[in-house]
Every structure is written in structure tokens, then in C-alpha cells.
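The values are calculated or read from the model by the stated rules, or taken from the named source; none is laboratory data. Since the structure is predicted, the reported quantities are computational estimates derived from the model, not experimental observations. All Cβ positions, glycine included, derive from the backbone under ideal geometry; neighbour counts span all protein chains shown.
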Amino acid sequence: MTDRKEGKLVFYRLNPAPTATEILKPLLTRLASDPEVRADRSVVTRLRRVPIARLCAAELDLVAIGVRRPAPLAPLPSRRH
């Protein structure tokens, strides 16, 4: 991971090194079907629509800005090879 700070915000990025890619690719593939990760992805998608000033004014209180965490999603069927 690499990061860059801009005021109160920190931007994270996956390290582009080949070793990191080799390790992370299978991990990210498995996480994509995890119900908690899928629910978190839904929250992040909604948060990206909220202006940063509004999010900061709410002191990151997600309920105050109308972003609630959904109930966990059902796991995807596993694919066997």
C-alpha cells in the first residue's frame, strides 16, 4: 500500500510492485465473494456520492447523512474447478 495525505483526507493505493500483485490478486478474488466485503463495498459506493464537506460536517456519522450499513449479503455460490 502507498498513501498520500491531503488535508484531513488520506488516499490509499495498492503498491504496483509485481510481488504485491501476485499476492493480492488471488486474495482480492476470494474477498469479492465475502458477504461482509460486499456489504462494505455497497457502503463505499454510497459514500462516494456524499460531498466531502457534508461528510466532515457530520463528523463521519454515517447515519446522520443517510448512509446505513446494509444487512450482510448472502454468500455467492463457490465455483469449483
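Determine, yes or no, whether Ala71 is assigned to a loop (DSSP other than H, G, I, E, B), exposed (fewer than 11 other Cβ atoms within 10 Å of the Cβ) and either hydrophobic (A, V, I, L, M, F, W, C) or modelled with pLDDT under 85 (or both). Before you say what the answer is, go through the steps one by one.
Details: assigned to a loop (DSSP other than H, G, I, E, B): yes; exposed (fewer than 11 other Cβ atoms within 10 Å of the Cβ): yes; either hydrophobic (A, V, I, L, M, F, W, C) or modelled with pLDDT under 85 (or both): yes.
In short, yes.
Provide a single number: the residues in segment 5-28 that are more than 17 Å from the chain's Cα centre (by Cα) and assigned to a strand (DSSP E or B).
Of the residues in that region, 2 qualify.
Residues that are modelled with pLDDT under 85, assigned by TED's automatic domain parsing to the domain that holds Met1 and either touching a Ser or Thr at 6+ places or on another chain (Cβ under 9 Å) or exposed (fewer than 11 other Cβ atoms within 10 Å of the Cβ) (or both): does segment 24-45 have at least one?
Initially, segment 24-45 is screened for residues modelled with pLDDT under 85, giving 24-25.
Still in the list and also assigned by TED's automatic domain parsing to the domain that holds Met1: 24-25.
Keeping just the survivors that are either touching a Ser or Thr at 6+ places or on another chain (Cβ under 9 Å) or exposed (fewer than 11 other Cβ atoms within 10 Å of the Cβ) (or both) gives 25.
Checking segment 24-45: at least one residue is modelled with pLDDT under 85, assigned by TED's automatic domain parsing to the domain that holds Met1 and either touching a Ser or Thr at 6+ places or on another chain (Cβ under 9 Å) or exposed (fewer than 11 other Cβ atoms within 10 Å of the Cβ) (or both).
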